[in-house]
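The values are calculated or read from the model by the stated rules, or taken from the named source; none is laboratory data. The structure presented is a predicted model; accordingly, all values stated were derived computationally and were not measured. Glycine also receives a Cβ, built like all others from the backbone with ideal geometry; neighbour counts cover every protein chain displayed. Protein only, heavy atoms only, side chains kept; ligands, DNA and RNA dropped before computing areas. Shrake-Rupley method; radii C 1.70, N 1.55, O 1.52, S 1.80 Å.
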Amino acid sequence: MEIVILAVVIALVAVGAISGLVVSSHKKKKLPTAPPSTPTITAPPAEPQVGDEAAPPREEPRRTIDDVDLPPADTAAGVPTAVEDPVIAEPLVPEIEIPEPTEGRLVRLRARLARSQNSLGKGLLTLLSRDNLDDDTWEEIEDTLLTADVGVTPTQELVERLRERVRVLGTRTPQELRALLREELVSLIGTDADRAVRTESGVDTPAVVLVVGVNGTGKTTTTGKLARVLVADGRSVVLGAADTFRAAAADQLQTWGERVGARTVRGPEGGDPASVAFDAVKEGINESADVVLIDTAGRLHTKTGLMDELGKVKRVVEKHGPLDEVLLVLDATTGQNGLVQARVFAEVVAITGIVLTKLDGTAKGGIVIAVQRELGVPVKLVGLGEGADDLAPFVPEAFVDALIGD
């Protein structure tokens, strides 16, 4: 009996212990805590990044044409609102200029030679007006002519004729001396030569004029001014920009052409000049132009390769037809050096005419006489200033009148 009572007691104790352990374990368990809320942090404005630091582009929502609200229709009139077409600016067309007529142009530009009168014309008149024309005076006359680049042989001829006529004349009034000097200078320059630029071809192709010369003489400007002269005389002109070596030479020539409505044929910078010349003549034939003017690159007369290339240009142009005119542009201020240039160019291409530039304000007016004697070809054009219409056909009588004054 006691044993049973003891077993029951032990069982009750064990049940009580187990119950205590279960209650204790429940007390130790905690409810799960709510996750902490993340604070809102405002990021500083992003700085622009470039190169490797640049962030990849972010995709942003874009509106399509369906999302754009169109303006409502005009309900009162029942007509939808009209949308005006955008105004497109028309390209600017350069204004065509009307050049001055060439007739009498040298007479109008007579004042440009005023500074030359002091050295050559007026200087000679002053010396010839002396009461006693001794040997020293005649030597001064010779020096004046040589300084003006008349040349040795022409100077000797002129002095001999003047001495003889002054001796026969006896008394010498200023009017008689001026008439005497004018007559001898005009005779020395010559009036029999054909000084017209050949602008009429004997065949069905346009007349072709080749413009040559050394660097710095003003070939491109002269070609542009010559185009104005021809347009003023009623000729249609095509320009060939065969100076492919000088920067902006083609642009410069094209500007001259646009002013008078003449088209310019050009090639790539540094390209073959002969190819440009060939294309220019071909274009002139297609357009039935009267004249094709070809501006060539400036070249030193001492460079054999460049001079040979000029000969190539001439040969290529002649595949279309004869070359009607080869104008050599000379700087009037270069004096005897210009004569050396002229001699070398004449050996490469057959020079048919001379253009003297920078003749205004120079004491070198005698170069007209010297260069004609050197080449045996006439001076056809003279440049008397920087103006667009300052290129004038050469007229011996008007030129001498400008030199010696009234």
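Quick notes on this structure:
- Ala242 being within 27 Å of Pro378 (Cα to Cα) and surrounded by 18 or more Cβ atoms within 10 Å (Cβ to Cβ): yes
Yes/no per residue for (1) polar (S, T, N, Q); (2) closer than 20 Å to Lys380 by Cβ; (3) open to solvent by 10 Å² or more (accessible area, probe 1.4 Å):
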site	(1), (2), (3)
Gly216	no, no, yes
Thr223	yes, yes, no
Arg228	no, yes, no
Gly234	no, yes, yes
Ala247	no, no, yes
Arg259	no, no, yes
Arg266	no, no, yes
Glu269	no, no, yes
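- When the stretch 313-348 is filtered for residues that are part of a strand (DSSP E or B) and either closer than 26 Å to Asp290 by Cα or free of Cβ contacts under 8 Å to residues at least 24 places away in the same chain (or both), the ones remaining, listed by number, are Glu325, Val326, Leu327, Leu328, Val329, Leu330.
- Within the stretch 149-164, the set of residues being in contact with a Lys or Arg (Cβ under 8 Å, 6 or more places away or on another chain) and in a helix (DSSP H, G or I) comprises Thr153, Pro154.
- Residues located in the stretch 349-388, provided they are more than 26 Å from Pro101 (Cα to Cα), assigned to a loop (DSSP other than H, G, I, E, B) and small (Gly, Ala, Ser): Ala350, Ala363, Gly366, Gly376
- Residue check, Arg178 under 19 Å from Val395 (Cα atoms) and either modelled with pLDDT of 85 or more or assigned to a strand (DSSP E or B) (or both): yes
- Within the stretch 154-170, residues that are touching a residue at least 12 places away in the same chain (Cβ under 8 Å) and surrounded by 14 or more Cβ atoms within 10 Å (Cβ to Cβ) reach partners that are charged (D, E, K, R) and not in a helix (DSSP H, G or I) with beta carbons closer than 9 Å, at six or more positions or on different chains, in the pairs Val166/Arg172.
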